[in-house]
Amino acid sequence: MAGEPQTDCLFCRIVAGEIPATVVRESATTLAFRDINPQAPTHVLVIPKAHHPDAASLAAAEPEVAADVLREAGLVAADEEIAGTGYRIVLNTGAGAGQTVFHAHAHVLGGRGMQWPPG
Ligand code: AMP
Ligand code: ZN
């Protein structure tokens, strides 16, 4: 069922404390932790604690939690002192776009220049 913890989901297991992560922020509905394979000096993932397969599914099922994820992403950027120089929030959706973990997550990337168009 949407929102319920999935035993085979990596990020549900991080939320449950079964897999360690370097947590940088936590709210009632979200968790933010450092990406294990950082692509920029700051690379933090912000996830809903509830399981939803991608950002669009999250926004459809629990729009207030989708808003929480975006708010927390901005607070991560402030905490990491990248808000002033600019940062990127990435929501890869679908394997063809590079999504590898099918629990919604926002990448917060910053601390270096960013190119456009993205790869
Ligand atoms: P995506 O490719 O958009 O689905 O992003 C998944 C992200 O999760 C990748 O950037 C991975 O490096 C990251 N990742 C995978 N396993 C872990 C882990 N155990 N702790 C933190 N980040 C992880
Ligand atoms: Zn999950």
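The values are calculated or read from the model by the stated rules, or taken from the named source; none is laboratory data. Only a predicted model underlies this, so the values are computations on that prediction, with no experimental measurement involved. Please note: Cβ atoms are built from the backbone with ideal geometry, for glycine as well, and neighbour counts cover all protein chains shown.
Out of the residues in the range 1-39 that are touching a strand residue (DSSP E or B) at 6+ places or on another chain (Cβ under 7 Å) and polar (S, T, N, Q), which is surrounded by the fewest Cβ atoms within 10 Å (Cβ to Cβ)? Filtering the range 1-39 for residues that are touching a strand residue (DSSP E or B) at 6+ places or on another chain (Cβ under 7 Å) and polar (S, T, N, Q), the one surrounded by the fewest Cβ atoms within 10 Å (Cβ to Cβ) comes out as Thr22. Would you confirm whether or not the range 96-107 contains a residue that is of a type in the set (Ser, Thr, Tyr), within 27 Å of Pro20 (Cβ to Cβ), exposed (fewer than 12 other Cβ atoms within 10 Å of the Cβ) and at pLDDT 95 or above? So far as the range 96-107 goes, yes, one or more of its residues are of a type in the set (Ser, Thr, Tyr), within 27 Å of Pro20 (Cβ to Cβ), exposed (fewer than 12 other Cβ atoms within 10 Å of the Cβ) and at pLDDT 95 or above.
Checking each residue in the range 19-38 for being within 16 Å of Glu62 (Cβ to Cβ) and touching a helix residue (DSSP H, G or I) at 6+ places or on another chain (Cβ under 7 Å) picks out Ser27, Thr29, Thr30, Leu31. Restricting attention to the range 6-18, the residues that are touching a His at 6+ places or on another chain (Cβ under 6 Å) and more than 14 Å from ligand 1 (Cβ to nearest atom) total 1. Within the range 37-61, residues that are over 17 Å from Asn92 (Cβ atoms) and polar (S, T, N, Q) have Cβ atoms under 6 Å from residues that are modelled with pLDDT of 95 or more and away from ligand 1 (no atom under 13 Å from the Cβ) in these pairs: Thr42/Glu80; Thr42/Ile82; Thr42/Gly110; Thr42/Gly111, counting only partners at least 6 apart in sequence or on another chain.
For the range 40-55, filtered to residues that are small (Gly, Ala, Ser) and under 14 Å from Val69 (Cα atoms), the residue that is farthest from ligand 2 (Cβ to nearest atom) is Ala55.
Out of the residues in the range 5-18 that are in a loop (DSSP other than H, G, I, E, B) and within 15 Å of Leu58 (Cβ to Cβ), which is nearest to ligand 2 (Cβ to nearest atom)? Only one residue fits best here, namely Cys9.
So, in the range 84-111, how many residues would count as being more than 16 Å from ligand 1 (Cβ to nearest atom) and either in contact (Cβ under 8 Å) with a residue 24 or more places away in the chain or among the hydroxyl-bearing types (Ser, Thr, Tyr) (or both)?
So the answer is 2.
Look at the range 3-54 and say how many of its residues are among the hydrophobic types (A, V, I, L, M, F, W, C) and under 17 Å from Leu109 (Cα atoms). Qualifying residue count, the range 3-54: 11.
When residues in the range 40-79 are screened for being outside any helix (DSSP H, G or I) and buried (at least 17 other Cβ atoms within 10 Å of the Cβ), 15 of them pass. If the condition is being assigned to a loop (DSSP other than H, G, I, E, B) and within 11 Å of ligand 1 (Cβ to nearest atom), then the range 19-39 contributes Ile19, Pro20, Ala21, Thr22, Asp35, Ile36, Asn37, Pro38, Gln39. Among the residues that make up the range 19-39, is at least one of them over 28 Å from Gly86 (Cα atoms) and within 11 Å of ligand 2 (Cβ to nearest atom)? Among the residues of the range 19-39, not one is over 28 Å from Gly86 (Cα atoms) and within 11 Å of ligand 2 (Cβ to nearest atom), which makes the answer no.
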